[in-house]
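Beneath this line is the structure, given in structure tokens, with notes to follow.
The values are calculated or read from the model by the stated rules, or taken from the named source; none is laboratory data. Because the structure is a prediction, the values reported are computed rather than measured. Every residue, glycine among them, receives a Cβ derived from its backbone with ideal geometry; neighbour counts consider all protein chains shown.
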Amino acid sequence: MNSNIEKPEVNYHVELRDVSKRYNIYDKPTDRLKEILLRNKRCYHREYWALSDFSYKFQRHTTAILGANGSGKSTLLQLMAGVVQPTTGQIATRGRLTAILELGAGFQTEYTGRENALLYGMILGISEEEMKDRLDEINDYAELGDFFDQPIKTYSSGMVVRLAFACATSVDCDILLIDEALSVGDEHFKWKCLKRIAKLQENDKTIIFVSHNMQTVRDFCHSAILLNAGKIVDAGAVDDIIPQYCEVVKSKESQSHKRFTSQPSII
């Protein structure tokens, strides 16, 4: 986990200061090799800033990250989770962090659900014995049955999410990051997830999640952040941010429609 600055204030679990993430985009795979061979004397890439100068202190409640596709939401969660490192800026966390990122991220497809659950605990620094004591609870919650001892590659998308959510919330975390995990799975499991999230909220945990479901955001979130093109547009109360998010999405859809209708038709 990034901890380049002192721990956040007691009232906060996560703090980011001037965090930016840049990716180098190459038109062809050989361009990357040329750049390496020429020791960067010639540039073959263009820069893409997925996140720019992001500064925020996440309070000990539930915060939604809103934004159209490509706005930097997933990148932000990946940075907080330590999956990728910031190009510039600093990140600090207080307490144990668990994350449910893109579908199946961090799972080894050749390993069984049981083996992946043990591996998950090891990554968090939890002893093997402690995780073994949690395995029955994880399997019961994920409702995998005999599939718990089958390779992940045999799982459906819903089963993968159930296992990921069960692993992430079975440990005593202080910070939980969720990237659209609740959009996969049946209504029964979504209800179970939301019920467990409510329990975490009662215990003063920090929950940060990306969602396009505005009803869920209204029901469970205390605050929201709106991202656009990698930058914060606004942050504050949910009822203030959602209308702005809807306007951004409507604008994006309008632009896409104009580009589509302006193309010449082929008959």
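Looking across region 141-183 at every residue that is over 15 Å from the mean Cα position of the chain (by Cα) and of a type in the set (Gly, Ala, Ser), the one that is nearest to Val14 (Cα to Cα) is identified as Ser170. Among Lys199, Lys132, Lys195, Lys190, which is the only one that is within 27 Å of Asn69 (Cβ to Cβ), among the basic types (Lys, Arg) and either out of contact with any strand residue (DSSP E or B) (no Cβ under 6 Å at 6 or more places or on another chain) or modelled with pLDDT of 90 or more (or both)? After applying the criteria, what remains is Lys190.
For beta carbons closer than 6 Å, sequence separation of 6+ or different chains, a first residue in region 34-63 that is in contact (Cβ under 8 Å) with a residue 12 or more places away in the chain and more than 30 Å from Asn203 (Cβ to Cβ) and a second that is of a type in the set (Asp, Glu) and surrounded by 11 or more Cβ atoms within 10 Å (Cβ to Cβ), the qualifying pairs are Tyr44/Asp31; Tyr44/Glu35; Asp53/Asp18. Going residue by residue through region 137-149, is there one that turns out to be surrounded by fewer than 21 Cβ atoms within 10 Å (Cβ to Cβ) and closer than 30 Å to Leu226 by Cβ? No, that holds for no residue. Within the span defined as region 115-127, every residue fails to be touching a strand residue (DSSP E or B) at 6+ places or on another chain (Cβ under 7 Å), among the hydroxyl-bearing types (Ser, Thr, Tyr) and in contact (Cβ under 8 Å) with a residue 24 or more places away in the chain. Checking the structure you have, find out if any residue of region 86-94 is under 24 Å from Ile208 (Cα atoms) and surrounded by fewer than 16 Cβ atoms within 10 Å (Cβ to Cβ). So far as region 86-94 goes, yes, one or more of its residues are under 24 Å from Ile208 (Cα atoms) and surrounded by fewer than 16 Cβ atoms within 10 Å (Cβ to Cβ).
Filtering region 121-154 to residues that are closer than 22 Å to Gly82 by Cβ and among the polar types (S, T, N, Q) leaves only Ser127. Look at Val161 and say whether it is of a type in the set (Val, Ile, Thr) and either in a loop (DSSP other than H, G, I, E, B) or touching a strand residue (DSSP E or B) at 6+ places or on another chain (Cβ under 6 Å) (or both). It is false that Val161 is of a type in the set (Val, Ile, Thr) and either in a loop (DSSP other than H, G, I, E, B) or touching a strand residue (DSSP E or B) at 6+ places or on another chain (Cβ under 6 Å) (or both).
Looking at Ile207, Ile197, just one residue is closer than 16 Å to Thr62 by Cβ and in a strand (DSSP E or B), and that residue is Ile207. Restricting region 169-181 to residues that are buried (at least 21 other Cβ atoms within 10 Å of the Cβ) and aliphatic (A, V, I, L, M), the residue that is modelled with the lowest pLDDT is Ala181.
Conditions tested, residue by residue: (1) assigned to a strand (DSSP E or B); (2) modelled with pLDDT under 95; (3) exposed (fewer than 13 other Cβ atoms within 10 Å of the Cβ).
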| site | (1), (2), (3) |
| --- | --- |
| Lys21 | yes, no, no |
| Asn24 | yes, yes, no |
| Thr30 | no, yes, yes |
| Leu33 | no, yes, yes |
| Ile36 | no, yes, yes |
| Arg42 | no, yes, yes |
| Arg46 | yes, yes, yes |
| Phe54 | yes, no, no |
| Ile65 | yes, no, no |
